[in-house]
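Presented below is the structure to which this report refers.
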Amino acid sequence: MAIASGNGVETVRIAHELVTQEKLRPVSAAVRGVAVVEADPNDMSVGYGGLPDEDGKVSLDSACMDGPTHNAGSVGAIQDIMHPAQVAERVMDATDHVNLVGDGARRFAIEQGFRPENLLTERAEEIWKRWIAGRNDDDRLWPLNDTNPADPVLQGEPRPWGTIHCSVLAPNGDLGCCTTTSGLAFKIPGRIGDSPLIGCGLYCDNEVGSAGATGRGEAAILSGGSWLIVEKMREGMHPREACLAALRRVVEQTERAARWQPALWKDGRPSFGLTFYAVRKDGEFGSA
Ligand code: GLY
C-alpha cells in the first residue's frame, strides 16, 4: 500500500508498483515515487519549479525513513539538486549522519553523482519578482497565505507550505516513508521546515505505522506531529483518529501561544493549513 498527499496520485501508483513488482524496500519506493513531483515544474511547492526564498533561490528540504532499520536521512536548504529525497536516501545509506544542510548537503550530493542544475523556472521567478515588488516587513512575522484571486503576487494560487509526503507498506509488513518540499515560498534564506525533521514532517516505526505532514511546517515541528501520530497508533488509535488527535494538539498549542496571535482567526481558531497522513502496519490508513 502507498499513501500520499493530494499531489501524489502518480507517486502512489509508482511507489505501489515498485514495492510490489520490483520488490524495492518501502522507503526506496517512496523516494522513487516522489521523484515525479520533484521534477514537475508545475508543482510550485516541491523540487524543480518550487517558489524560491527571499533571495530568489530555490532551496529544498527532504527526508526519508526506513522502518526495518529504523534509520533515516535528510537534507535541509539544499540548492541546485532536483531530487533532494534521493540525496536524503544517500545520507541514510552512505553515512552515519541523519541531517545534512545547506552547502554541505549540496557538496555531498555532487560527490554522490547528482548533477547541479538551475531549479528556478521562469514562472516561479516572475511570481518571486512580484512578491519582491510588494514585500512588507510583517511578512517575516506572519507569512500570509493569500488565496484571493485578486492577490497581486500569487493571483489566487496559495502561497505554499506545500509539500509531498508518501508512506509505503510492503506486502511483508515493512514500512518506509519520504517527505520532500521547496518549503514556504519566499522564506528567509536558511529556513528549514518540518519536512527534513524526523518526527515532524515524517516518522515511521516498523512495529506500528508511518505518518507524515504537509502544510505549515512550523506547526508540525512545534507539535512533533508525525511522531505523535505514530505514538497514538501505537496506543491503538485508527490512523484517521491519530491524525485528528495531532491536529487537536496543534490547535491547543496555537491557542496557547500568544505570540502567534496572527495565526488565529477572530473566532480563535488557527488560520493556517496543516494536513497529516498515516498508515498503520495492518493496512488501515487515514488523514486529517
Ligand atoms: N511543510 C513544508 C514546510 O513548511 O516547509
Return the only residue of Asp96, Asp40, Asp80 being of a type in the set (Asp, Glu) and touching a residue at least 12 places away in the same chain (Cβ under 8 Å).
Asp80
With respect to Ala213, is the statement that it is in contact with a helix residue (DSSP H, G or I) (Cβ under 9 Å, 6 or more places away or on another chain), under 30 Å from Glu125 (Cα atoms), part of a strand (DSSP E or B) and not hydroxyl-bearing (Ser, Thr, Tyr) true?
yes
Look at Ile192 and say whether it is among the β-branched types (Val, Ile, Thr), at pLDDT 95 or above and out of contact with any Asp or Glu (no Cβ under 9 Å at 6 or more places or on another chain).
no
Criterion: within 26 Å of Val46 (Cα to Cα), in contact with a Gly (Cβ under 8 Å, 6 or more places away or on another chain) and among the small types (Gly, Ala, Ser) - qualifying residue of Ala246, Ala263:
Ala246
What single numbered condition from (1) within 19 Å of Val87 (Cα to Cα); (2) surrounded by fewer than 24 Cβ atoms within 10 Å (Cβ to Cβ); (3) among the aliphatic types (A, V, I, L, M) fails to hold for Val27?
(2)
From the list Gly225, Gly212, Gly190, which one is within 14 Å of the ligand (Cβ to nearest atom) and under 11 Å from the mean Cα position of the chain (by Cα)?
Gly212
Assess whether Glu207 counts as being touching a Lys or Arg at 6+ places or on another chain (Cβ under 9 Å), surrounded by fewer than 17 Cβ atoms within 10 Å (Cβ to Cβ) and within 20 Å of Cys64 (Cβ to Cβ).
yes
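Quick grid of which residues meet (1) of a type in the set (Ser, Thr, Tyr); (2) within 21 Å of Ile132 (Cα to Cα):
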site	(1), (2)
Ala4	no, no
Val36	no, no
Tyr48	yes, yes
Gly56	no, yes
Identify all residues within segment 227-241 that are in a helix (DSSP H, G or I), touching a residue at least 24 places away in the same chain (Cβ under 8 Å) and touching an Asp or Glu at 6+ places or on another chain (Cβ under 8 Å); write none if there are none.
Val230, Arg234, Pro239
Given the structure, is Leu100 more than 16 Å from the ligand (Cβ to nearest atom), at pLDDT 90 or above and outside any helix (DSSP H, G or I)?
yes
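The values are calculated or read from the model by the stated rules, or taken from the named source; none is laboratory data. Everything numeric here is computed off the predicted structure, so don't read it as measured data. Don't worry about glycine lacking a Cβ; one is built from the backbone with ideal geometry, like all the others, and counts go over all protein chains shown.
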